[in-house]
Amino acid sequence: MIELLYWQGCPSHPEAKALLEGVLAELGRDDEIVMTEVKSDEEAERLHFPGSPTIRVDGRDIDARGANERPSLTCRIYYLPDARVSPIPSREQMEAALK
Amino acid sequence: MSIELGTEAPSFQLPSVDGSDHSLDDYRDAKLLALVQYCNHCPYVLAWEGRLIALAGDYAGKGLQVVALNSNDAARYPEDSFERMKERAEQLDFPFDYLYDESQSLARTLGAERTPEVFLFDWERRLRYHGAIDDSRDVDAVSRSYLREAIDALLAGQEPPVTETESVGCTVKWR
């Protein structure tokens, strides 16, 4: 199962979803992306949500580096292969998680 | 609702990471003043941070003063505390002032909504450009450098080619 958890206060999830859909298409997969909106600090705690967006494949966060950050309604920090900061995971992270 | 173009810069007196308080009047010698709603924790701020540092350095001798403002609720976002601001500024040797708007009053007066979000004031301290630093958080995809274009135009005595753009970033974290 592929889950994309997001917080509406961060504008990054549509871009993350589009990239994820593109990677899935390239890999010839037609998995459904289960979208879950996180609306409160309590939900963030309950869902172990370290920021928006968070993508999990079969329950495993595709970005181990940030997976255990404090649950929070925030934009999540990712790092691209060249070490630049990004508000969404890299294509490479998605591909690695889905292969 | 953000302040409208032509609005006079609001007065303020806020603590800086340099250990002193800074007021609007402290920047009276600058031809242009860029107030940038800012913070530590937001990936959009971090994505643009290198460009803002470069811009502040490039125009420092040309009359531009960049002032970053952090108004986020540090109780909920500890990364944005005053202590962490000091650490960030020291770590990256910010070439601009970094002020702590703990009461959030300046952000509310400006009508700031996002980080990063730019308010560029001219020599009369009237708002002349409001919005994004440029048109992409991805430095390799930038095609319009709105803030640089506005600064260049104003320094040349001309109208900024673009005066308002949408700021893309994290929301200001209100109490």
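Every number here is computed from the coordinates shown, using simple stated rules; none is lab data. All values reported here derive from a predicted model rather than from experimental measurement. Here the Cβ positions follow ideal geometry from the backbone for every residue, glycine too, while neighbour counts run over all protein chains shown.
Neighbour counts of C-beta atoms inside 10 Å place A:Tyr79, A:Tyr6, B:Tyr129 in the sequence A:Tyr79, A:Tyr6, B:Tyr129, starting with the fewest. What is the list of residues in region B:143-174 whose amide nitrogen lies under 15 Å from a point 7 angstrom out from the Cα of A:Arg84, following Cα to Cβ? Only B:143-145 pass the distance filter.
Counting 0.36 nm for each residue step from B:Asp21 to B:Asp58 and taking away their Cα separation leaves a gain of 10.8 nm.
Partner lysines whose Cα lies under 30 Å from the Cα of B:Lys62, excluding those fewer than 8 positions away in the same chain, are identified as B:Lys31, B:Lys86. Taking the charge dipole of chain A about its Cα centre, with +1 at Lys and Arg Cβ atoms and -1 at Asp and Glu Cβ atoms, the residue from A:Gly59, A:Pro89, A:Ile77 reaching farthest to the positive side is A:Ile77.
Tell me, what is the percent relative contact order of chain B, built from C-alpha pairs under 8 Å that lie six or more residues apart? It comes to 29 percent, rounded to a whole number. Placing +1 on the Cβ of every Lys and Arg and -1 on the Cβ of every Asp and Glu, with no other charges, gives region A:2-98 a dipole of roughly 280 debye about its Cα centre.
Each Lys and Arg adds +1 at its Cβ and each Asp and Glu adds -1 at its Cβ; summed about the Cα centre, the protein assembly as shown shows a dipole of about 80 debye.
Of the residues B:Leu120, B:Pro15, B:Ser103, the one whose Cα sits farthest toward the positive end of the charge dipole of region B:13-171, with +1 on the Cβ of Lys and Arg and -1 on the Cβ of Asp and Glu, is B:Leu120. For A:Lys39, the lysines whose Cα falls under 23 Å of its own Cα, not counting residues fewer than eight places away in the same chain, are A:Lys17, B:Lys173. When both bridge partners sit in region A:2-98, DSSP labels roughly 55% of those beta bridges antiparallel. Projecting the Cα atoms of B:Cys42, B:Gly57, B:Phe82 onto the dipole axis of chain B, where Lys and Arg carry +1 and Asp and Glu carry -1 at the beta carbon, places B:Cys42 farthest toward the positive end. Relative to the compact-globule estimate of 2.2 N^0.38 Å, the Cα radius of gyration of the protein assembly as shown comes out at 1.05. Geometric descriptor of chain A, per residue, is 86 Å³ (volume of the convex hull of the Cα atoms). When the Cα atoms of region B:62-117 are aligned to their principal axes, the ranges along those axes come out at 35, 25, 16 Å in descending order. Once both labels are positioned 7 Å from their Cα atoms along Cα-to-Cβ, the gap between A:Ala96 and A:Asp31 label points is 1.6 nm.
Percentage of Cα-Cα pair distances in region A:53-99 greater than 12 Å, rounded to whole percent? Here the tail beyond 12 Å accounts for 61 percent of pairs. Basic side chains Lys and Arg get +1 at the Cβ, acidic Asp and Glu get -1 at the Cβ, and with that the dipole of region B:18-68 about its Cα centre reaches some 260 debye.
One compactness figure for chain B is 0.94, namely its Cα radius of gyration divided by 2.2 N^0.38 Å.
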